[in-house]
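Single-structure report; data block below.
Laboratory data are not the source of any read-out in this text; all were calculated from the coordinates shown. This structure is a prediction, so every number in the text was calculated from the model and none was measured. As a convention, Cβ positions derive from the backbone with ideal geometry for all residues, glycine included, and neighbour counts pool all protein chains shown.
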Amino acid sequence: MSTANHTGGFHHAHHFDSAEHQYESSKQGIWLFLVTEILMFGGLFVGYSIYHSLYPQVFHAGSKQLSVVLGAVNTVVLLFSSFTMALGINYVQRGLKKKAIIALAVTIACAAIFMVVKFFEYTHKFHVGTVPGKYAYTEELSASGEKVTKVGALLAEANKLSVAEREHKLHLDETEYEHLTLLERTKNWPLFFGFYFVMSGIHGLHVLAGAFLIFWVLLKVIKNQVGPEYFTPVEGVGLFWHVVDLIWIYLFPLLYLVG
Amino acid sequence: MAHEQHNYLNHQKGIWSWLTTLDHKRIGIMYFIAIMSFFFLGGVFALLVRAELFTPGKTLFSADVYNRMMTYHGAIMVFMVIVPGIPAIFGNFVLPIMIGAKDVAFPRLNLMSWYMLMIGAAITGSTLFLENVDTGWTFYTPYSSIKTGLGVIPMVLGVFIIGFSSILTGLNFIVTTHKLRAPGMTMNRIPLMVWALYSTAILQVLATPVLAITLLLLIAEKTLGVGIFDPQLGGDPVLFQHFFWFYSHPAVYIMILPAMGVISELVATYSRKIIFGYTAIAYSSLAIAGVSFLVWGHHMFVSGQSEFAGILFSFITMLVGVPTAIKLFNWIATMYKGSIRLDAPMLFAIGFMFLFTIGGLTGVYLASTGMDVHFHDTYFVVAHFHYVMVGGTLMALMGALIYWFPKVTGKIYSDLTGRISWVFIFSGFNVTFFPQFILGNMGMPRRYYDYLPTFTELNQMSTFGSWLIGTGFLVGLFGVIYALLKGKEAGNNPFGGKTLEWTIPSPPPHENFDKTPVLTGGPYEYR
């Protein structure tokens, strides 16, 4: 039972000796949880490295499709949000409530920016047909009875148009057109987008979860439920957020740059 | 409960106080009720599967129904009964008391783990009514990802959520063991049950995330067709097996290590002797946990992996035998010249050693690459892992139930009932599974609906044995109800145990200890 003891503003459950004891235990619990997160993504990294070594050309052609600029912007956004998260924890520990609120709010805003950028990246991928696995193939069969990919259909349409018309009508500029042509010639390329969507998708879910958790501790800061004497939830959420950033720092080069 | 003493059972009243309780002892009881219900369901499926195999061809059901019953039997028993079984029920109840703590480190997380198990079980169970799953509990691709129906998705999602429950319980136990030990309770003085649960918790935390991602990938494969397991798109179905067994082999030790912890307690208590080789038993748990991560490849000797990988996995697999044998020989050394009392829990402990030894030794056959080609996916394998998992874990579970029953409820479990139950389970178990070694050697494949007429007698013997086991567990259940209604008052320490839980009243008070205990010696100081 959580018959919490309140002595001098301290806040610890009955089965701990002191607030510090409780803090240390909570921190160990959070670190263990983060280990499980890393291991879960570890499975994906293992899968990625196996298939990357089997089909380097697939990953090369696939990663050419991703926008390094957008990926880099998101990396910077997340790194900055890690900084503001750390600031937020520091402000809470020092009892600077207003500054803490601003720092945490900026962190949430960064998470939102990250997700908006991801939204544009995803929708563009859907538009040009670089989607995972079976959805890369259209239902219609070509005259010879073969399966046609969505990219193939798009390129066939693009070939009938002039460069200017192509850019206006299909939103394909010259480099993108070249990259798609490269992709089309690469066997099994939907596999890359399988990894891209699963890895960045699960990471995106973690960003959302992190944003909600930061919002939760932000409310705690506003309601004065955390402060210099008790800041375990803020620090725990902060650690989670750093791990979410860390995973992206691995995903960005793997997906966007390695090709 | 004479003269209305204050304890955890009457601390609060009403069903709501149970469903929102943060007391590790009450959560342990809630796990007991839930897991025993799953066990009943899984057991009924087992009896039906065996009944179908009474004669070759169709006996009772169509092949389709048989495949589904076999799948549910496996999935329920593995994910909802044997994996959570001992740690969630008895670990929750005794671990904090054994180390002198008032509760686990995170009581709310503990309650959440229980709800996770319930939600996961509900989603998995819902497939019984929505769309039956016929993949077998291993969900092997490409059958699960491409061929069979969509029921696999909720089934796998349920298992994913149950995995969360397992991770959170493990995490809770690790922090509890690290941070909440009473003064004087050094790591080398914690009871062996705690060592076993601690090693199990490490496995739960480190292995389960890999299962989680594997199941998520299977869902992604089925909904998006991501291609990671689909050869048409360049993927590889064998990767699923690697990922799956990277979890599921350590999971075998998640099932068996807590059982070994129980056996250590039982052997010490019922031999009235200081345990032989405390350190060896304690660290062999960690050794088993460590080695278990390196052996998953023995499930795939015939999957086309390289010969070198086969040899390596074969060697490391046999290595697991070393720490296991250390435990077994230490138990026997403990019993040597002890004042052994053959009470029901001790009978279950001896039954464990007997059956687990057979299971372990047949494991060496399967670890030999050459032999495995002959035995692979035959009934030999079925017999082997039932000897290990059922003969091991369920024997220990019954032993633990009778041993800690007085502590949990304040009533004595009738020893006679326990012994009758043991006779049925132990003999029935051997009648059921020993013929399967022979069937496997003769070449009967596992999982099959039909078999050659030559195998009929042995199959009938096996089915007959399953009825004996069923009877044994029913007797066990009767014992629980009888003890609750008419059991004798237990007193603090009916069996003369030396660990901390026997120093407090039964049932224990709400906060376990009125005064935090201070330890000055090890856990098993008999003589």
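Let's see if you can work this out: charge +1 on each Lys and Arg Cβ, -1 on each Asp and Glu Cβ, no other charges. What is the dipole magnitude of region B:349-455 about its Cα centre, in debye to the nearest 20? Intermediate results must be reported in sequence, preceding the final value.
On the way: 5 positive and 4 negative charges, 76 e Å.
With Lys and Arg at +1 and Asp and Glu at -1, about 360 debye.
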Roughly what angle does helix A:150-159 make with the longest principal axis of chain A, taking Cα atoms, 0 to 90 degrees, to the nearest 10? 50 degrees
Just to confirm the filter: which trypsin sites (Lys or Arg not before Pro) across region B:282-389 are DSSP coil and have at most 15 other Cβ within 10 angstrom of their Cβ? B:Lys337, B:Arg341
Which ³J(HN,Hα) values in Hz, rounded to whole numbers, follow from the phi angles of region B:466-477 under the Karplus curve 6.51 cos²θ - 1.76 cosθ + 1.60, where θ = phi - 60° and Gly and Pro get x? 5, 5, 4, 4, x, 4, x, 6, 5, 4, x, 5
Which residues qualify? For B:Thr378, with a placed amide H closer than 5 Å and at least 5 residues away or on another chain, they are B:Arg446
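Can you give me the relative contact order of chain B as a percent, contacts being Cα pairs under 8 Å and 6 or more apart? The partial results should precede the final answer.
Values: 874 pairs, mean separation 98.2, N = 527.
Result for chain B is 19 percent.
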Can you tell me how the protein assembly as shown classifies by the Cα gyration tensor, rounded, prolate or oblate, using a/c under 1.5 as the rounded cut? oblate
Between helix B:321-335 and chain B: long-axis angle, C-alpha atoms, 0 to 90°, nearest 10: 30 degrees
In region B:106-163, which chymotrypsin sites (Phe, Trp or Tyr not before Pro) fall in coil by DSSP and have 14 or fewer other Cβ atoms within 10 Å? B:Phe129
With a 10 Å Cβ neighbour count serving as the proxy for reagent exposure, in which order, fewest first, do A:Ser67, B:Ser306 appear? B:Ser306, A:Ser67
Give the order of B:Met395, B:Met389 when sorted by the count of other beta carbons within 10 angstrom, beginning with the fewest. B:Met389, B:Met395
Using alpha carbon centroids, what distance separates region A:101-132 and region A:146-168, in Å? 27 Å
To the nearest 20 debye, what is the magnitude of the charge dipole of the protein assembly as shown about its Cα centre, counting +1 on the Cβ of each Lys and Arg and -1 on the Cβ of each Asp and Glu? 1860 debye
If one takes the longest principal axis of the Cα atoms in chain B, at what angle in degrees, from 0 to 90 and to the nearest 10, does the Cα axis of helix B:379-388 lie? 10 degrees
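Please check chain A for the longest run free of trypsin sites (Lys or Arg not before Pro) that are loop-located per DSSP (anything but H, G, I, E, B) and have at most 10 other Cβ atoms within 10 Å. If you can, show how the numbers build up before the last one.
Details: sites that count: A:Lys160, A:Arg185, A:Lys223.
Between exposed loop sites, the widest span is A:1-159.
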For region B:357-370, in order, what is each residue's ³J(HN,Hα) by Karplus, 6.51 cos²θ - 1.76 cosθ + 1.60 with θ = phi - 60°, in whole Hz (x at glycine and Pro)? 5, 4, x, x, 5, 5, x, 5, 4, 6, 7, 7, 4, x
Calculate the dipole size of region B:22-502 relative to its Cα centre from +1 charges on Lys and Arg beta carbons and -1 charges on Asp and Glu beta carbons; express the result in debye to the nearest 20. 1640 debye
What residues qualify as long-range amide H neighbours of A:Thr149, i.e. H under 5 Å apart, gap of 5 or more or another chain, H built at 1.01 Å from N? A:Thr138
What are the ³J(HN,Hα) values, in whole Hz, obtained from phi via the Karplus relation 6.51 cos²θ - 1.76 cosθ + 1.60 with θ = phi - 60°, for each residue of region B:515-526 in sequence order, with x given for Gly and Pro? 10, 4, x, 10, 8, 10, x, x, x, 10, 8, 7
Expressed as a whole-number percentage, the relative contact order of region B:1-96 with C-alpha contacts under 8 angstrom and at least six residues apart is 40 percent
For A:Leu172, B:Leu197, order by how many other beta-carbon atoms lie within 10 Å, fewest first: A:Leu172, B:Leu197
Amide H neighbours of A:His12 at under 5 Å, excluding residues fewer than 5 places away on the same chain, with H built from the backbone geometry, are A:Asn5, A:Thr7
